[in-house]
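Novice: Following this message is one structure expressed as structure tokens.
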Amino acid sequence: MTFTGRKRLEYALAFKEADRVPIELWIPKNLKDYPKAQKLIEMADEYCDGFRGPAVINPGFFGVPAELKTKEIANDTTYTYTENVYQTDHGDFTQVVQRDRLNVQYCHYKKQYFNNLKDIKMFASCDFPQIPIQSDYNEQLENICGERYVPTIAVVHPFGMLARNTPPEKFYMWLITETELIHKILAKMYTQINRFIEQLALPAVYYFCALEMAIEPWISREMFDEFIYQYDVVMNKKIHKAGGLIRHHAHGPVFKHLEHWADMGIDSLEPMEMTPLGDTVLKEAKALMGKRMSFGGNIPSQRFVDISKEEIERMVADAIETCAKGGGFILKGASSVCGLNSFKTLEQLDRIIESTEYFIKCGLKYGKYH
């Protein structure tokens, strides 16, 4: 059998062995015209694949009908500052983003959308209408993915969205002091998402990014169950009924939560970070979960700026040896771009590019199944 990139990934998610372990990587837009990245781009085009789809399903302002107004409000020799304003029927939500002039992928929020209690109350009062589904949605997915990518539906996770768009010292306090208000928002967002899933009924991969904001030291298991589990388990059942799979991105110490998250319905998790960034030993994770959950990871690409080729090779070989047998494993870095959007100088970028090239070579060297 000749394996396409898409088929290779689908085999991994189904706990089957293809010709080799799939390598997940995509090249950020800021590198497309960078001369020293051209060899890496060619390697990625030939050997690496991933998950693709249209824009996230939650339109407007996280599911609320809105018009976006964007303008640059300041700049200096290092950064630009952009103001984003979502105008809704219930009021405006404003964010200020600081971006690095050299690395345009980098951003820091000088002001977040939910900066005070007034903002969060205003959001709770908004309407979350049913998300319209275009009649050719599946055709759009197939045109984007072809034989290379796995059709993927990206969903803004309600808890993750709130956590990422609110100052953390306020958000986690509001979970206690404004519990009813937070549940009101969650109920509205999940209702909207669940209706979309039921109407779409598409057997794709549904992708979320949230749970790293919902583990230690942020919240307890009891709070997790209150603000996430009870909602996600219902949503995930609807995805499974449609024939879909649930894939989550979560940094940090996830190992102790694997069984609980599998009970909640998660089918695949990445990047499964090792110490000191996480708590995962892939061999132990594989033994614990068997075919209940597939993994992507767990190469610490945060270190690609200074790591040796010998260490990259050792870690790639170990990850494949301990987790690839029987399928269920996708080789990837801590991010899907392997840190190619995390640099402060061109010298750092050049080193990350070199490390990423070697990462791909090692994946090809050690990843063969047959």
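The values are calculated or read from the model by the stated rules, or taken from the named source; none is laboratory data. Source: prediction; values computed, not measured. Counting neighbours? That spans all protein chains shown, and the Cβs are built from the backbone with ideal geometry, glycine included.
Novice: Take residue 125 and decide whether it is free of Cβ contacts under 8 Å to residues at least 12 places away in the same chain and small (Gly, Ala, Ser).
Specialist: For residue 125, the condition - free of Cβ contacts under 8 Å to residues at least 12 places away in the same chain and small (Gly, Ala, Ser) - is not met.
Novice: Among the listed residues 279, 263, 267, which satisfies the condition of being surrounded by 15 or more Cβ atoms within 10 Å (Cβ to Cβ) and closer than 23 Å to residue 158 by Cα?
Specialist: 267
Novice: Do the conditions hold for residue 58, that is, is it under 21 Å from the mean Cα position of the chain (by Cα) and closer than 30 Å to residue 91 by Cα?
Specialist: Yes.
Novice: Confirm whether residue 137 is within 30 Å of residue 184 (Cβ to Cβ) and either outside the structural domain of residue 82 (by TED's automatic domain parsing) or among the hydroxyl-bearing types (Ser, Thr, Tyr) (or both).
Specialist: So residue 137 passes the test.
Novice: Regarding the stretch 4-15, can at least one residue be identified that is of a type in the set (A, V, I, L, M), under 30 Å from residue 86 (Cβ atoms) and part of a loop (DSSP other than H, G, I, E, B)?
Specialist: no
Novice: Now for a different question. Looking at (1) within 23 Å of residue 29 (Cβ to Cβ); (2) in a helix (DSSP H, G or I), which is the only condition residue 118 fails?
Specialist: It is condition (1) that residue 118 fails.
Novice: Which residue out of 276, 271 is out of contact with any Cys (no Cβ under 6 Å at 6 or more places or on another chain) and modelled with pLDDT under 95?
Specialist: Residue meeting the stated conditions: 276.
Novice: Kindly state which helices (runs of 4 or more DSSP H) lie completely within the stretch 148-203 and contain at least 2 residues that are of a type in the set (A, V, I, L, M), surrounded by fewer than 19 Cβ atoms within 10 Å (Cβ to Cβ) and not assigned by TED's automatic domain parsing to the domain that holds residue 95.
Specialist: Because the criterion is at least 2 residues that are of a type in the set (A, V, I, L, M), surrounded by fewer than 19 Cβ atoms within 10 Å (Cβ to Cβ) and not assigned by TED's automatic domain parsing to the domain that holds residue 95, the helices (runs of 4 or more DSSP H) in the stretch 148-203 that meet it are 168-177, 179-200.
Novice: Right, here's the next one. Would you confirm whether or not the stretch 84-99 contains a residue that is without any contact (Cβ under 8 Å) to a residue 12 or more places away in the chain and among the acidic types (Asp, Glu)?
Specialist: Yes; the residues of the stretch 84-99 include at least one that is without any contact (Cβ under 8 Å) to a residue 12 or more places away in the chain and among the acidic types (Asp, Glu).
Novice: Additional query: From 85, 96, grab the single residue that is under 29 Å from residue 336 (Cβ atoms) and part of a strand (DSSP E or B).
Specialist: That would be 96, the only listed residue that is under 29 Å from residue 336 (Cβ atoms) and part of a strand (DSSP E or B).
Novice: Identify, from the list 312, 353, 307, 320, the residue that is within 30 Å of residue 263 (Cα to Cα), assigned by TED's automatic domain parsing to the domain that holds residue 12 and either of a type in the set (A, V, I, L, M) or free of Cβ contacts under 8 Å to residues at least 40 places away in the same chain (or both).
Specialist: Going through 312, 353, 307, 320 in turn, just one is within 30 Å of residue 263 (Cα to Cα), assigned by TED's automatic domain parsing to the domain that holds residue 12 and either of a type in the set (A, V, I, L, M) or free of Cβ contacts under 8 Å to residues at least 40 places away in the same chain (or both): 320.
Novice: Select, from 27, 73, the only residue that is touching an Asp or Glu at 6+ places or on another chain (Cβ under 9 Å), assigned by TED's automatic domain parsing to the domain that holds residue 246, over 30 Å from residue 197 (Cβ atoms) and not in a helix (DSSP H, G or I).
Specialist: Only one candidate qualifies: 27.
Novice: Sticking with this one: State which residue is nearest to the chain's Cα centre (by Cα) when the search covers only the stretch 32-55 and only residues that are surrounded by fewer than 20 Cβ atoms within 10 Å (Cβ to Cβ) and in contact (Cβ under 8 Å) with a residue 24 or more places away in the chain.
Specialist: That would be 52.
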